Amino acid sequence: MRILFRAAACALIFFGLIFPTAAYSHKITAKIDISEQKMRVYVNGVPRHTWKVSTARKGYRTPVGTFAPTRMHRKYFSRKYNGSPMPHSVFFYKGYAIHGTDSIKRLGTPASHGCIRLHPSNASRLFSLIKKHGPANSRIMISR
């Protein structure tokens, strides 16, 4: 009986380390690393996507912290920056959003006014994941 208990405990520890779903209380987690200019997307704690992003260029800032999506728009045009297109926008803090860009050659380098830019197809994927699982079950974590 003792051996069976130990084997079960080891299995739980093993699977807890390999599949760390308990570490993620949200179904969708988008982790943005400003220094790497990358986003990693986790679904139920399992890494699913790694994408290049563009965050704030010199003179601007991308907020750091943990946020929840506040509003979402399939098609959006910036009111502040000459009606620039921001497809598949996921707003998370004041006027800051994750959104698609047509400046795909700049992805992987700081280029924005503070928003987090993604390739349009990746922005669409992230938008769909958040929509499917719900903004309340999604988190955006931004670090330097």
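Key figures for this structure:
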| quantity | calculated |
| --- | --- |
| D (Stokes-Einstein, µm²/s), Kirkwood Cα radius, the stretch 58-144, 1.306 mPa s at 10 °C | 121 µm²/s |
| Computed over the stretch 35-98, Kirkwood Rh from alpha-carbon pairs, angstrom | 13.4 Å |
| Stretch gain in nm, segment residue 136-residue 73, where the contour uses 0.36 nm per residue and the Cα spacing is subtracted | 21.1 nm |
| Rough spin-label spacing in nm, given labels placed 7 Å along Cα→Cβ, for residue 143 and residue 35 | 0.9 nm |
| Computed E for residue 105/residue 128 - FRET, C-beta separation, R0 25 angstrom, nearest 0.05 | 0.50 |
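Coordinate-derived values only; no laboratory data. Because the structure is a prediction, the values reported are computed rather than measured. Reconstructed Cβ throughout: ideal geometry from the backbone, glycine too, with neighbour counts over all protein chains shown.
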